[in-house]
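Below are the structure tokens for one structure; questions will follow.
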Amino acid sequence: MIQQLNASQVSAWAKQLNADAPGTPVVVLDVREPWEVQTASIVDDETVNGFRLVCMPMRSVPARYPELDRHQPIACLCHHGMRSMQVARFLESNGFTQVANIHGGIHAWATEHDNRVPLY
């Protein structure tokens, strides 16, 4: 079962995982299209948020997922949480052991966690 994270839980989740397994960076996998990432994006600062941002559009995931570490914690992000959930399920079915979905996507991130992120 894929863990569901609210936008406000992501940083705490990442920091906890980093504390439990130092040296295993947590990834937020943004599966939106490049134009969407340019329109609205989360801050990529491991020291503040506890995670590293990786952008990989959903359509490219089947070809590019080997670039990711199967044992690395990954939280998937899209606009509202539907595409990211599909990607999370795909990763889990391909042997990824710590996968979560950011419920509500970048929209929830902007409305619940960081109002500096534009809505679109």
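Can you work out which of the residues in region 8-60 that are within 11 Å of CYS76 (Cα to Cα) and assigned to a helix (DSSP H, G or I) is most open to solvent (accessible area, probe 1.4 Å)?
Of everything passing the filter in region 8-60, MET58 is most open to solvent (accessible area, probe 1.4 Å).
Of the residues that sit in region 82-93 and are surrounded by 14 or more Cβ atoms within 10 Å (Cβ to Cβ) and out of contact with any strand residue (DSSP E or B) (no Cβ under 6 Å at 6 or more places or on another chain), which one is farthest from ASN6 (Cα to Cα)?
Applying the first criterion (surrounded by 14 or more Cβ atoms within 10 Å (Cβ to Cβ)) to region 82-93 yields 83-92.
Then keep just the ones that are out of contact with any strand residue (DSSP E or B) (no Cβ under 6 Å at 6 or more places or on another chain); that gives 83, 86, 89-90.
Details: ARG83: 16, GLN86: 17, ARG89: 17, PHE90: 20 Å.
Selected residue: PHE90.
Further, regarding this structure: Hey, can you tell me all the residues within region 57-78 that are under 13 Å from GLU92 (Cβ atoms) and of a type in the set (D, E, K, R)?
ARG70
Is it true that ASN18 is touching a Gly at 6+ places or on another chain (Cβ under 9 Å) and within 14 Å of GLN4 (Cβ to Cβ)? First the steps, then the outcome.
Values: touching a Gly at 6+ places or on another chain (Cβ under 9 Å): yes; within 14 Å of GLN4 (Cβ to Cβ): no.
For ASN18, the condition - touching a Gly at 6+ places or on another chain (Cβ under 9 Å) and within 14 Å of GLN4 (Cβ to Cβ) - is not met.
Looking at (1) open to solvent by 10 Å² or more (accessible area, probe 1.4 Å); (2) aliphatic (A, V, I, L, M); (3) assigned to a helix (DSSP H, G or I), which is the only condition MET1 fails?
Every listed condition holds for MET1 apart from (3).
The values are calculated or read from the model by the stated rules, or taken from the named source; none is laboratory data. Quick caveat: nothing in here was measured; it's all calculated off a predicted structure. Methodologically, a virtual Cβ is constructed for each residue, glycine included, from the backbone with ideal geometry; neighbour enumeration extends over all protein chains shown. Just so you know, the surface numbers come from the protein's heavy atoms only, side chains and all, with ligands and any DNA or RNA stripped out. Shrake-Rupley method; radii C 1.70, N 1.55, O 1.52, S 1.80 Å.
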